[in-house]
Amino acid sequence: MVITFIILIATASLFVWGKIRSDIVALCSLLGLLLTGILTPTEALSGFSNPIVIMIAALFIVGGAIFQTGLAARVSKGLLRFAGNSDYKLFLLVVSVTALIGSVLSNTGTVALLMPIVVSMATSSNMSVRRLLMPMAFASSIGGMMTLIGTPPILIVHNTLVESGHRGFSFFTTLPVGIILLFCGILLLWPLSKTLDKKRKKDDDDQRSTVKSPKQLVTEYRLAENMYRVETNGKSPVVGKKLSELDITKQYAVTIAEIRRRSTSPFKKTVTQELPEAGTVLGDNDVLYLIGDFVNVARFAEEKGLKFIDQSSDDSMPTFSGKLKFDEIGMAEVVVLANSNIIGHPVRESGFRKNYNVNIIGIQRKTRYLVQNVKDEKIQSGDMLLVQGAWEDIDRLSRLQAEIVVIGQPSAEASKVTLEDKAPVAGIIMGLMVVAMIFNFFPPVVAVLMAAVAMILAGCFRSVRDAYRTINWESVILFAAMMPLATAMEKTGASELISSGIVGSLGSRGPYLVLAGIYLGTSILTMFISNTATAILFAPIALQAAVALGVSPYPFLVAVAVAASMCFASPFSTPPNAMVVSAGRYSFVDYVRVGLPLQVFYMVIMVFALPLVFPF
């Protein structure tokens, strides 16, 4: 028991210190329990097979799909209309909606559902995401107190009452308590969350990307000003011919950036995006995105019987009004190194198209941007080449480190591009997952795993690697590695010592002090072990204390449920707290600074409010 307490104190101290990553601290705690013989290897590693841990990992994939498909952005835009330009209204909206959903859905599922939406809302409104994510995690636990199915501790105390011969809870028995908690939470969280804005400048700088997005590259190279869209038709001589036969670039000094074809199949996208290749055969109603001087483009269109899509009614020069998509075809900048063997050669002889299946569509040379008739430009050392191609091909090109350097990570940039056509699919899968969890068609972990696999199979990610990349392994390992500490405290009797000591010392001082002692003991223990384990431990103690005092057990057992669920001073006390750590870049101290005052305030309020709702 002494060793367990030493490991517990050391772990908590390292979390507060904050110089070592939280997942590494948790793993060291696990190893300490294992090497000292307190836990067996099976017990020490049991957290990694726990359904909650598996569910957290799968929920990251589900949340990633909501981001990847742009569904989060769509929903956030709709919700932002209610908040207007007010940060406080946005805060109220997030906390209220989270609590409402959390009353019927697990707090873990609620956070997974709302986290990508809240991040998108914060970005759109220029509000610090740190001020929203932690309150959202807290609100999901608050909402769980409103119904019987909202949080496991309520079910545990309900079961304790039934087994002891008392009447159990109805669905909304704890609703008044939940409303009090929500009101007090809103009252305190807004001023407390202001401290989260005071983040170290270094962390903010680390989050600032220096890699240009495809949309930024389009703007910087002024591609839209040199791009024109033309459409083929059945009478055009280009229909049915390969691009190699037409030799458009050589004859007209015009570059085809991409081709879009309309699809009639109900099982495919209505418009497909293709990169032009030598063997590409043009069809009827194809849309060609052309880069070049307008005179050359107009000559090509006139001779081949093509129609400008962006032509205005007054016959003036067409201005590009389309939208470049980067679902399959991407853009990136490539720096030519001094030792490259392509220096001095024109772009058409660079071999980029033949060897890597990417096109060079622009060059940045010092302060000049070249996008017209690029094929004849000779490549110079230090040139920035704007390349276009499939994201996989650009990623493959980045391995030529000896001669060129691709700016940024193409695979990471590709994952940022939303697959908007998959947004309805992601919404349906998410909806089915929520329904399955609400009506308990499947165990929660099974429902979430099914949703995660469905998101991948339905194409809501560009690749399986992108899906795995959305999992925040720091949060997963943190939670899995801390769970065995609960086993160690129960196994060594440390938990029983804490709980019986508190109740034993206060048992003769009246129901209010005993209620405060049970609440305090539950609250403290929940900071280090799971709220479910704490509720299981304290529920029978609370029942025995009520029987010994000759009073109603309801306020004592509800106090156990509230204290076990309202643990906010630790990032690993509940899954929602752990899930938002990395997204909000929170430290252990952040939880202490915001969560501890709220936790203490709740204890004071509940000691006096619970006997009013559930009289002694």
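The values are calculated or read from the model by the stated rules, or taken from the named source; none is laboratory data. Everything numeric here is computed off the predicted structure, so don't read it as measured data. All Cβ positions, even for glycine, are placed from backbone atoms using ideal geometry, and neighbour counts span all protein chains on display. Note: accessible area is taken over every heavy atom of the protein model, side chains too, but ligands, DNA and RNA are not part of it. Shrake-Rupley method; radii C 1.70, N 1.55, O 1.52, S 1.80 Å.
Is one or more of the residues making up region 510-530 touching a Leu at 6+ places or on another chain (Cβ under 9 Å), open to solvent by 30 Å² or more (accessible area, probe 1.4 Å) and small (Gly, Ala, Ser)?
No, every residue in region 510-530 fails to be touching a Leu at 6+ places or on another chain (Cβ under 9 Å), open to solvent by 30 Å² or more (accessible area, probe 1.4 Å) and small (Gly, Ala, Ser).
For region 35-56, filtered to residues that are touching a residue at least 12 places away in the same chain (Cβ under 8 Å) and farther than 26 Å from residue 449 by Cβ, the residue that is least open to solvent (accessible area, probe 1.4 Å) is 39.
Here's the yes/no breakdown for (1) in a helix (DSSP H, G or I); (2) among the small types (Gly, Ala, Ser):
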site	(1), (2)
48	yes, no
62	yes, no
81	yes, no
136	yes, no
140	yes, yes
146	no, no
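Return yes when residue 23 is within 18 Å of residue 575 (Cα to Cα) and of a type in the set (Asp, Glu) and no when it is not. Considered against the rule, which asks whether it is within 18 Å of residue 575 (Cα to Cα) and of a type in the set (Asp, Glu), residue 23 comes out as yes.
For every residue, the table says whether it meets (1) buried (at least 23 other Cβ atoms within 10 Å of the Cβ); (2) under 13 Å from the mean Cα position of the chain (by Cα); (3) within 17 Å of residue 62 (Cβ to Cβ); (4) not basic (Lys, Arg).
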{"site": "94", "(1), (2), (3), (4)": "yes, no, no, yes"}
{"site": "107", "(1), (2), (3), (4)": "yes, no, yes, yes"}
{"site": "112", "(1), (2), (3), (4)": "yes, yes, yes, yes"}
{"site": "120", "(1), (2), (3), (4)": "yes, yes, yes, yes"}
{"site": "126", "(1), (2), (3), (4)": "no, no, no, yes"}
{"site": "134", "(1), (2), (3), (4)": "yes, no, no, yes"}
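Being at pLDDT 80 or above and of a type in the set (A, V, I, L, M) is the requirement here; does residue 104 meet it? No: the conditions fail for residue 104. Each residue in region 326-369 was checked for being closer than 27 Å to residue 280 by Cβ and surrounded by 16 or more Cβ atoms within 10 Å (Cβ to Cβ), and 22 of them qualify.
Which residue pairs have Cβ atoms under 6 Å apart, sit 6 or more places apart or on different chains, and have a first residue in region 582-597 that is on the phi > 0 side of the Ramachandran plot and a second that is in a helix (DSSP H, G or I)? Cβ pairs passing all conditions: 585/203. Against the conditions (1) in contact (Cβ under 8 Å) with a residue 12 or more places away in the chain; (2) assigned to a helix (DSSP H, G or I), residue 9 satisfies every one except (1). Across region 459-493, the qualifying residues are those that are open to solvent by less than 10 Å² (accessible area, probe 1.4 Å), of a type in the set (Gly, Ala, Ser) and modelled with pLDDT of 75 or more, and the one among them that is nearest to the chain's Cα centre (by Cα) is 467.
Just one of (1) open to solvent by 30 Å² or more (accessible area, probe 1.4 Å); (2) hydrophobic (A, V, I, L, M, F, W, C); (3) touching a residue at least 60 places away in the same chain (Cβ under 8 Å) fails for residue 384. It is (3). Residue 65 meets the conditions (1) modelled with pLDDT of 75 or more; (2) open to solvent by less than 10 Å² (accessible area, probe 1.4 Å); (3) farther than 30 Å from residue 456 by Cα in every case but one. The failed one is (3). Can you find a residue that is modelled with pLDDT under 80, surrounded by 12 or more Cβ atoms within 10 Å (Cβ to Cβ) and touching a helix residue (DSSP H, G or I) at 6+ places or on another chain (Cβ under 6 Å) anywhere in region 256-269? So far as region 256-269 goes, yes, one or more of its residues are modelled with pLDDT under 80, surrounded by 12 or more Cβ atoms within 10 Å (Cβ to Cβ) and touching a helix residue (DSSP H, G or I) at 6+ places or on another chain (Cβ under 6 Å).
Between 425, 446, 453, the distinction of being in contact (Cβ under 8 Å) with a residue 12 or more places away in the chain and in a helix (DSSP H, G or I) belongs to 425 only. Restricting to region 148-165, and then to whatever is in contact with a Phe, Trp or Tyr (Cβ under 8 Å, 6 or more places away or on another chain) and assigned to a loop (DSSP other than H, G, I, E, B), can you tell me which residue is most open to solvent (accessible area, probe 1.4 Å)? Among those that are in contact with a Phe, Trp or Tyr (Cβ under 8 Å, 6 or more places away or on another chain) and assigned to a loop (DSSP other than H, G, I, E, B), it is 149. Do the conditions hold for residue 98, that is, is it at pLDDT 70 or above, crowded, with 19+ Cβ neighbours inside 10 Å and touching a Pro at 6+ places or on another chain (Cβ under 6 Å)? Spelling it out, it is not the case that residue 98 is at pLDDT 70 or above, crowded, with 19+ Cβ neighbours inside 10 Å and touching a Pro at 6+ places or on another chain (Cβ under 6 Å). For region 274-295, check the following and say yes or no: at least one residue is over 24 Å from residue 220 (Cβ atoms), part of a helix (DSSP H, G or I) and modelled with pLDDT of 85 or more. Yes, the conditions are met somewhere in region 274-295.
Cβ separations smaller than 9 Å between residues 6+ apart or across chains give the following pairs from region 546-559 residues that are without any contact (Cβ under 8 Å) to a residue 40 or more places away in the chain to residues that are open to solvent by 10 Å² or more (accessible area, probe 1.4 Å) and in a helix (DSSP H, G or I): 546/511; 546/554.
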